[in-house]
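Notes follow the structure.
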Amino acid sequence: ALALTFDDGPHPAHTREVLRLLAERGHRATFFVVGGRVLEHPQVVREIVAQGHELGLHSHTHDYGLVFWSPERIARDLEQNISAIEEVTGQRPSIFRPPVGITSPRLALAVRALGLRVIGWSGRAYDGIGDPPPERILARLRDRLRAGAIILLHDRRERGEERPTSIDALPALLDEIERRGLRSVPVSELCPHAPASVPDAGAAFAGSPMP
């Protein structure tokens, strides 16, 4: 197995197109969702869960400067992201992908306080900004498609409403995955180790040196 992951959603049209393509082939994925967009499109988020996919945190605001905030402020943002998903689905995600994948010691303190795991990737399509053609996306990912891989795609642009071109590449990408005898599963199924939990975020910060 490998894990297809989709960032920056949900989007009322693009996310549903991804869901349809995955359902037609019987693959499951992980969607790292932005909290503010979850509240804008709650039904799309419910559809993600209803179809057997996993939700992960991608911050509440998708601010590129998140990693430079204080640990307390980062934790508040992530708690908003968690609350939005819990309000819509009743689920509390335990995995988090920072905006554009950047981490820092400050972010590490916040993540540890909330008992989250940070999820990166082993292959990416570079489809969040710009319009790479489907064949270029496939070329970027082809050598990364192996058991244990975590593939980064987008079901919504980082900025704007344009359709990510990786959606056009997805059918051929699924063809290649299946040709190799692989299937896509949620990240937590691929990597089932539970994060260490800290029950009281305030206590976790108390007395901690702030970078």
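Results, tabulated for the structure shown:
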item: Subset of the stretch 83-99 that is open to solvent by 50 Å² or more (accessible area, probe 1.4 Å) and out of contact with any strand residue (DSSP E or B) (no Cβ under 9 Å at 6 or more places or on another chain) - its residue that is nearest to ALA3 (Cα to Cα); result: ARG92
item: Search result, residues across the stretch 34-54 that are out of contact with any strand residue (DSSP E or B) (no Cβ under 6 Å at 6 or more places or on another chain) and open to solvent by less than 10 Å² (accessible area, probe 1.4 Å); result: VAL34, GLY35, VAL38, VAL44, VAL45
item: Subset tally (residues that are within 21 Å of GLU189 (Cα to Cα) and either crowded, with 22+ Cβ neighbours inside 10 Å or touching a His at 6+ places or on another chain (Cβ under 6 Å) (or both)) for the stretch 10-26; result: 1
item: Residue in the stretch 125-147 that is within 17 Å of PHE32 (Cα to Cα), touching a helix residue (DSSP H, G or I) at 6+ places or on another chain (Cβ under 8 Å), hydrophobic (A, V, I, L, M, F, W, C) and surrounded by 14 or more Cβ atoms within 10 Å (Cβ to Cβ) present; result: yes
item: Test: ALA3 is open to solvent by 60 Å² or more (accessible area, probe 1.4 Å) and among the aliphatic types (A, V, I, L, M); result: no
item: Residues being without any contact (Cβ under 8 Å) to a residue 40 or more places away in the chain and of a type in the set (Gly, Ala, Ser) - total across the stretch 29-51; result: 1
item: Residues that are part of a helix (DSSP H, G or I) and either touching a residue at least 12 places away in the same chain (Cβ under 8 Å) or closer than 16 Å to LEU153 by Cβ (or both), drawn from the stretch 12-28; result: HIS14, THR15, ARG16, GLU17, VAL18, LEU19, ARG20, LEU21, LEU22, ALA23, ARG25
item: Some residue of the stretch 192-208 being more than 28 Å from ASP63 (Cα to Cα), modelled with pLDDT of 95 or more and open to solvent by 30 Å² or more (accessible area, probe 1.4 Å); result: no
item: Cβ pairs under 6 Å, 6+ apart, first in the stretch 171-191 and touching a residue at least 40 places away in the same chain (Cβ under 8 Å), second in a helix (DSSP H, G or I); result: LEU174/ARG25
item: Selection count, the stretch 55-81, where residues are closer than 19 Å to THR103 by Cβ, open to solvent by 10 Å² or more (accessible area, probe 1.4 Å) and not hydrophobic (A, V, I, L, M, F, W, C); result: 10
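The values are calculated or read from the model by the stated rules, or taken from the named source; none is laboratory data. Just so it is clear, the structure is predicted and the values come from calculations on it, not from any experiment. Methodologically, a virtual Cβ is constructed for each residue, glycine included, from the backbone with ideal geometry; neighbour enumeration extends over all protein chains shown. For the accessible areas, the whole protein counts, side chains as well, though only heavy atoms, and no ligand, DNA or RNA atoms are used. Shrake-Rupley method; radii C 1.70, N 1.55, O 1.52, S 1.80 Å.
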